[in-house]
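Here is the structure we will look at, set down as structure tokens.
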Amino acid sequence: MKEITCNIHLHSTYSDGFGTYSSISAAAIAANLDVIILTDHNVWVKGLEGYYENAGKRVLVLTGEEIHNQDRYPQKNHMLVLGAEAELATFASQPQDLINAVRQHGGLSFLAHPDEMALKLVNETDITWVDWNANGYTGFELWNQFSELKTVSRTPINLLRNVFFPQYIATGPAVETLTRWDKFLSTGQHLAVICGADAHALRYHLGPFIKTIFPYRFHFSALNNHLLLAEALSGELEHDKQLIYAALRKGSSFIGYDLPAKTTGFSFTITSDETVANMGDTIELSRGATAQIHLPYPAEIRLIQNGEEVIHQFGKDRLSNSLVKPGAYRVECYCEYLGQKRGWIFSNPIYVI
Ligand SMILES: [Zn+2]
Ligand SMILES: [Zn+2]
């Protein structure tokens with residue numbers, strides 16, 4: 001498998017972001033990303049996908065969309081739509097109709113920031129997902145950096161610190177979303193997860209000074225999706241787009257918080273009867289079934305099955321554990337950074353049946 005880094009959920013000047021496609025792609029190239037997926041609000045921007053080059057390096061830029069019902073009050077139910085190759089914002093008023101339309105167009109639908117808190121200090125409401133009867137979507141945005149800013153900025157001092165030093169924000173996905181995900185997984189559902197920057201690079205004027213809050217370059221060094229592709233990217237847009245969306249649909253990926261330490265090289269496999277399953281795969285339980293986890297650096301590792309902890313290990317860069325039960329197995333890793341324990345790696349599940 002070929003590992004690539006992919007940053008998802010970026011807003012540009014086509015909605016409420018401050019970067020253009022070319023400036024965002026230049027920041028992604030500087031951060032050595034392989035792919036970025038822009039998702040402007042309620043507009044599917046056509047004709048800007050492709051490989052962008054700068055200083056002898058390149059990044060693949062893809063265009064999805066973040067769709068919500070603009071007439072709804074309060075605002076809820078944001079959905080990231082990828083690969084539908086059509087404008088589907090007209091379905092926004094009925095989430096189930098939107099999910100169905102995305103499926104009919106062969107696209108992927110991820111519930112964006114499904115659980116988040118309001119940030120009353122700056123009049124930001126919570127934009128959670130509330131239509132939990134809806135079904136048939138691809139998965140969740142498990143960890144959203146802008147949502148987490150709302151969660152961890154409970155006092156004016158904390159908010160100021162997080163705005164000027166965003167490296168203090170991230171600690172992990174919302175506990176409610178993790179719990180929800182485990183609940184769905186334990187009923188046998190397959191639900192892939194991604195992380196999202198929700199980048200806007202907002203500009204604030206302080207007298208004669210302009211301060212950019214959370215520049216794209218910061219997001220690109222922080223929360224990234226690490227995709228395992230069946231083959232290397234070829235440089236051909238349509239071919240590579242299919243590979244990337246196939247990996248995201250299946251959950252052949254993990255979420256890496258790359259700021260404390262690069263997560264590239266993480267692996268989680270389950271071997272059973274001489275067959276090896278990767279993240280997103282389904283495998284039959286047989287004698288000798290064993291989970292194997294490798295980290296690029298020693299850290300705290302949790303192996304979880306249907307929401308229950310199987311084993312918890314500290315300070316090692318590998319773990320092997322025999323498996324005796326079927327279920328959805330996933331891995332969480334934590335590290336210390338800036339004086340605090342922080343989420344570092346969250347894998348997609350391997351489904352053992
Ligand atoms: Zn949103
Ligand atoms: Zn957004």
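The values are calculated or read from the model by the stated rules, or taken from the named source; none is laboratory data. Fair warning: this is a prediction, and the values are worked out from it, not measured in the lab. As a convention, Cβ positions derive from the backbone with ideal geometry for all residues, glycine included, and neighbour counts pool all protein chains shown. Keep in mind that these areas ignore ligands, DNA and RNA; they rest on the heavy atoms of the full protein, side chains included. Shrake-Rupley method; radii C 1.70, N 1.55, O 1.52, S 1.80 Å.
Worth pointing out:
- Just one of (1) without any contact (Cβ under 8 Å) to a residue 40 or more places away in the chain; (2) within 16 Å of ligand 1 (Cβ to nearest atom); (3) open to solvent by 40 Å² or more (accessible area, probe 1.4 Å) fails for W44. It is (1).
- Any hit, the stretch 20-27, residues being open to solvent by 10 Å² or more (accessible area, probe 1.4 Å), in a loop (DSSP other than H, G, I, E, B) and not charged (D, E, K, R): yes
- Residue within the stretch 82-100 that is within 16 Å of ligand 1 (Cβ to nearest atom), closer than 25 Å to F218 by Cβ and open to solvent by 10 Å² or more (accessible area, probe 1.4 Å) present: no
- You will find that of L159, L111, the residue that is open to solvent by less than 40 Å² (accessible area, probe 1.4 Å) and under 22 Å from the mean Cα position of the chain (by Cα) is L111 and no other.
Table: residues versus (1) more than 16 Å from ligand 2 (Cβ to nearest atom); (2) assigned to a strand (DSSP E or B).
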position: T39; (1), (2): no, yes
position: W44; (1), (2): no, no
position: E53; (1), (2): yes, yes
position: T63; (1), (2): no, yes
position: N69; (1), (2): no, no
position: K76; (1), (2): no, no
position: A86; (1), (2): yes, no
position: I99; (1), (2): yes, no
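- Residue in the stretch 182-201 that is of a type in the set (A, V, I, L, M, F, W, C), surrounded by 21 or more Cβ atoms within 10 Å (Cβ to Cβ) and part of a helix (DSSP H, G or I) present: yes
A quick yes/no check of all residues on (1) away from ligand 1 (no atom under 16 Å from the Cβ); (2) farther than 20 Å from L303 by Cβ:
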| position | (1), (2) |
| --- | --- |
| D198 | no, yes |
| F218 | yes, yes |
| L227 | yes, yes |
| A232 | yes, yes |
| Y245 | yes, yes |
| S253 | yes, no |
| P260 | yes, yes |
| T264 | yes, yes |
| I270 | yes, no |
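- Residue check for H219: in contact with a helix residue (DSSP H, G or I) (Cβ under 9 Å, 6 or more places away or on another chain) and at pLDDT 95 or above: yes
- Index of the failed condition, K241 passing every other in (1) among the basic types (K, R); (2) more than 22 Å from P114 (Cα to Cα); (3) open to solvent by 70 Å² or more (accessible area, probe 1.4 Å): (3)
- Taking the listed residues I213, I270, the one that is at negative phi, open to solvent by less than 40 Å² (accessible area, probe 1.4 Å), within 16 Å of ligand 2 (Cβ to nearest atom) and out of contact with any Cys (no Cβ under 8 Å at 6 or more places or on another chain) is I213, with no other qualifying.
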